[in-house]
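Take a look at the structure set out below.
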Amino acid sequence: MTMRQGKQEHPTGEEFNTRLDSVDVDPAAARDAKRFRRIVAARKAAEAAQDDLRAAVRAARGAGDTWAMIGEALGIGAESARQQFGARLRA
C-alpha cells in the first residue's frame, strides 16, 4: 500500500494480486457459507409463515370465529390463542 501525504491509498491491482498470491489457504479449514445461507432462508420462511398465520387468525376473527375455534386449530387453548394473537390483531 502506498502512502501519500500521510494518507493511505488503496493498493493497486498488481499489489492486491501479489498479496492474494502470498496467502496460504488451507482448503480443509476454509468454510462454506451453504449452512449459513440455509439458516437465513429458514428464518425468512419462518417469518413469512408467522405473517401468514397472523393473517389467517385475523381473517378467522373477522369472520366471527371464536378464540376456542382458533385455539383448537392451533393446538392450544382459547385463552392462549387470545393472549398470543389478540393484542397483535388490535394493533
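When the alpha-carbon atoms of segment 52-91 are used, the pair Rg, Dmax equals 8.8, 24 angstrom. Between residue 63 and residue 43, full extension at 0.36 nm per residue minus the direct alpha carbon distance yields a gain of 4.2 nm.
Around the Cα centre of the chain, unit charges on the Cβ atoms of Lys, Arg, Asp and Glu (plus for the first two, minus for the last two) sum to a dipole of about 480 debye.
The 3J(HN,Hα) values that the Karplus relation (6.51, -1.76, 1.60; θ = phi - 60°) gives for segment 16-24 are, in residue order, 5, 4, 5, 4, 4, 5, 7, 6, 9 Hz. Gly and Pro appear as x. Considering only 26, 52, 65, the Gaussian network model of the chain with Cα springs below 10 Å gives its largest mean-square fluctuation to 26. For the chain, the mean residue ellipticity at 222 nm estimated from helices alone is -21500 deg cm²/dmol, where every DSSP H run of n ≥ 4 contributes -39500 (n - 2.57) and the total is divided by all residues, rounded to the nearest 500. Spread over its residues, the convex hull of the C-alpha atoms of the chain is 225 Å³ per residue.
The simple spin-label model puts a point 7 Å past each Cα toward its Cβ; for residue 20 and residue 80 those points are separated by 5.5 nm.
Identify which of 54, 31, 43 has the largest mean-square fluctuation in a Gaussian network model of the chain, with springs joining Cα atoms closer than 10 Å. The residue that fluctuates most here is 31.
No value in this document is a laboratory result; all are computed from the given coordinates. Every value quoted in this text rests on a predicted model; they were computed, and no experiment measured them. We place every Cβ from the backbone using ideal geometry, glycine too, and count neighbours over all the protein chains shown.
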